[in-house]
Structure formats: structure tokens, C-alpha cells
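Input: a single structure, listed below in C-alpha cells.
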Amino acid sequence: MLRLSIASLTALLLAACSLPGTGGAAAPTLKIGVDLPLSGNEGRVATPALNGIRFYVQRHPTIDGFTVDLVVKDDSLSAGPEPALGAANIQGLASDPQVVAVVGPFDSSVARAEIPVANRASLAMVSPATSSPCLTRSDYLPAALSPSHTAITCSAAGLPPAGELRPSGVNNYFRLAATDDLQGPAAADYASKTLHMLRVAVISDHEAYGQALASAFETRFRALGGSIVGRLDTAASGAADTPTFLKRMKADGVQAVYFGGTTANSGCAIRAQMATVFDPGEATPFLGGDGIADDPACIQDAGGNVAGIYATVPIVDTSMLGAAEPVITAFKAAYPAAKDYGAYTVIAYDAAGVVYAAIDRAIKAGGAGLPARGNVISQLSAIHDFAGETGVLGFDPAGDATHRVITIFEPTAAAPRGPWKQVGTIDYTDALPY
């Protein structure tokens, strides 16, 4: 009976230790927010990114004794990402004291709305995808990449400079994607050094993104010894006579066309028009930025003139990195559907890894408790050599990635909606193109 009483008492004590508030074995929880466009038009790309974040947490369920809980927010409506919704999401995350950092967002327009909200709350954000220079700098295009040799400022481009997004004066925003000002030069490098083009025509849409890409391409291509035969900047009204311009460029001996802009602004429709101007079967190269890349609508708009399209994307294509193969294999075993994996899956996995590293350092520097948000920001600022699946990652003082890789993609002509495959990589990690 004595043995039974001791055993019963022991069982009762163990049960009590497992109850909340009794100092038992249950691990404390910290939360990491996620904000991505999951239900809108970009859900096809952003959901695989969320899968990458979830997979990292599944493989690393704790940090220094804290159980990690993801709090996922959707910043999209049916038409696409919604900045006001994103800002509300961040406000909600910031109101929860257990949320110590956020992975996201995906779009630069959403980031502009979210950064000030997170900044006031000292909440760190790490984006796997945003690429607008104005999120971190005051110049949209540096003077060295401007045809006029005068920098295009963010204000002149109709965008707030980075300083206006940070009311506290401290940077809380970090990203792993390269910036847009590197996409134009990367396309110029590819056109000159790989495609061996000497004479190129340039077309841009009416928006700041497309104008800057076209200008950066133009300056870099000339610096490489190429000639810009002509440039056409289309108006918002769409009144520009693109077919006439293409005919004139054909007569002047252009070998390729560069387009700065988006599919939505008729970018790939220009590719279809090229089929009526240039010789059939010639496949005159048509180059552009991530505004047309990996977009089924681009393939549809181009019609039968798909071969010869090349588009830059400001991230690493990890499917071509041997070092990332074990993680990709393990991910696809856990997420077997083809739609589960995408171009941003592994870089989002790395974004989660960088956040974990900063939280770990903040906990160890501040004691055993929940890390202060400001300490997480400070630790992110100090990351320079994180060994990620996409490379050795770190941030410069502005919060921009120091691993600056642009990937060149082309669509496969066999499938009417893609997919796109990698055909080249331009690495500006050690030396910028200006």
C-alpha cells in the first residue's frame, strides 16, 4: 500500500507539472508572422513560398527552448496584393507581444504600406522577394546607370524614399532578393556576352519600374560596346505606334528588343507584334524583367512567338544549385504536389532561417526570456555570413542583400502556359555593374 501511495503521489505531481502555470515541461512559445499574397492572382507563386517557410519551421520546431508558432496573414484580394490590407495585417501582428519578427511581404507596393507600421512597433521584417530600390534607398536608379548620368530619385519616380518609411530612424526591413536596378544591367550582360547582340532597340512602358529597367539596360549595354538603335516610351493611353517603331528598327538592323515593363502593360503583346515584322523563324531575342517572367499571361500574349523570350528575376534559381538539392528533395517528399514548389520556395526557406538566426542571437544576448523586438532587428543588421541554401547571405547597412544574383529565364515553347526554365545567371555579389 505504501508503494501504491508513493506511485500515486508521483503520478499526481507529474500531472500537475504539465498544467499551464505550474512551471511544468510545456515549452514557452514565440511567434513569427508571415505576410504574403496567398489568395489573389499571386497566390500561385506566394503559396509555394509559404510552404518553404513552413517546411523550415517543421524541421526546426524550437529556438532555444521556445516552441515556434507561425501566424500567417494574407495580404491579397481577388485582384491581387492590397497594401492597406497588408498594413492592417502588420498592425495585427505588432499588437501581439509574442510576435518577434515577420517573414514577408512579397510585393513592393505592400512593403511601402507595411514598413512604417512595423517600424513604429520595432518589428523586424525579412522579405524573400521585394525588389524596389526605394524600399531601402533614396535613388531609384543610380547616376551611373542613367543615360543622363543624373540619378533618378525615388521622389521623381513618384515613390517615397526609404527614410520616409522609417519614422523611428532605425531600419527594420531586410530582403534577400536583389534590387530592380540590377535587372536591366543583367539583361544587358546576357544580351552582349551570351547572345552576342550588338544592336538593340529599347521599349518601355509608362511606369517607373519599366522606365528604370529600360534606362539601366540602355546604359549598361552601351558600356559593354553595344548600340541602342532606338527607344520608344509608351504612354498610359497606349497611343504609341509600336508596329511602326519595330519596322523602323528592323530596317536599321536591330538584332534584339529589350522591354522594360510588365505583361499587364502589353509587354508580351509586343512580342506577338514582332512576329509580323521580323523574319519568320528568326526568333529575334526579346528581353525583359521579372514583370514578364514566369507569367502564363506573357506566354498567352506572345502567341506563337514564344521562342527567344528572356526574362530576368532578382533571385537565385535553386533548382540549379547542387548544394540545395538535399533540401529540395526533402521538401518535395513532404510537399509532393507539383504546385507546392515554386521559384521562391527555397529563398523563403532561407528567409525563415535568417530570422531564426537573429532570434537565436537575440535570445542568447538578452537572457533566457522572449527576445526584445529591437534586439532582433539589431541581430539581423549584424548578419553577414549566414549559410543559406541559396548562398552565403547577409545584409548591407540599408538592409539590402549582399548576395546579388540575377537569374535569366526563358519559357519552354512546348507548353502553352510555360513553364519557364533557367538559361543563365548573372552574379553581382563581388562587383556591381556601376
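Compute the distance from the alpha-carbon center of segment 345-366 to that of segment 191-213, in whole Å.
37 Å
Report, by chain and number, residues whose modeled amide H sits under 5 Å from the one on Gly230, excluding near sequence neighbours (fewer than 5 apart, same chain).
Val202
Give the angle, between 0 and 90 degrees and rounded to the nearest 10, that separates the Cα long axis of helix 108-120 from the longest principal axis of the Cα atoms of the chain.
Relative to the chain, helix 108-120 is tipped by roughly 40 degrees.
Out of Ser95, Ser108, Ser39, any idea which swings most in a Gaussian network model of the chain, alpha carbons joined below 10 Å?
Ser95
Mind checking which lysines have their C-alpha under 29 Å from Lys332, skipping anything on the same chain fewer than 8 residues away?
Lys31, Lys73, Lys421
Using only helices, what value at 222 nm comes out for the chain when you add -39,500 (n - 2.57) per DSSP H run of length 4 or more and divide by the total residues, to the nearest 500 deg cm²/dmol?
That calculation yields -10500 deg cm²/dmol at 222 nm.
Quote the FRET efficiency, to the nearest 0.05, computed for Arg248 versus Ala368 with a Förster distance R0 of 51 Å and r equal to the Cβ-Cβ distance.
0.10
Mind pulling the per residue volume of the convex hull built on the Cα atoms of segment 79-162? Å³ is fine.
In segment 79-162, the Cα hull volume divided by residue count equals 104 Å³.
How long are the semi-axes of the equivalent ellipsoid of segment 278-378, defined as square roots of 5 times the Cα gyration tensor eigenvalues? Whole Å, largest first.
The answer is 41, 17, 11 Å, longest axis first.
At what distance in nm do the modelled label points of Ala297 and Leu432 sit from each other, each positioned 7 Å from its Cα along Cα→Cβ?
Output for this residue pair reads 3.2 nm.
Is the shape of segment 179-281 rounded, prolate or oblate, going by the alpha carbon gyration tensor and its root eigenvalues a ≥ b ≥ c, with a/c under 1.5 for rounded and a/b larger than b/c for prolate?
oblate
What angle, in degrees between 0 and 90 and rounded to the nearest 10, separates the Cα long axis of helix 83-94 from the longest principal axis of the Cα atoms of the chain?
20 degrees
Out of the DSSP beta bridges found with both residues in the chain, what percent are antiparallel (nearest 5)?
35 percent
Run through every distinct alpha carbon pair of the chain and return the Kirkwood hydrodynamic radius in angstroms, one decimal place.
Result for the chain stands at 23.0 Å.
Run a plain Debye calculation on segment 336-394 (Cα atoms as equal point scatterers, no solvent) and give log10 I(q)/I(0) at q = 0.20 Å⁻¹, rounded to two decimals, same order as the q list.
One equal scatterer on each Cα of segment 336-394 leads to -0.74.
Bear in mind these aren't lab numbers, they're just calculated from the coordinates by the rules spelled out. Quantities reported herein were computed from a predicted structural model and do not represent experimental measurements. Counting neighbours? That spans all protein chains shown, and the Cβs are built from the backbone with ideal geometry, glycine included.
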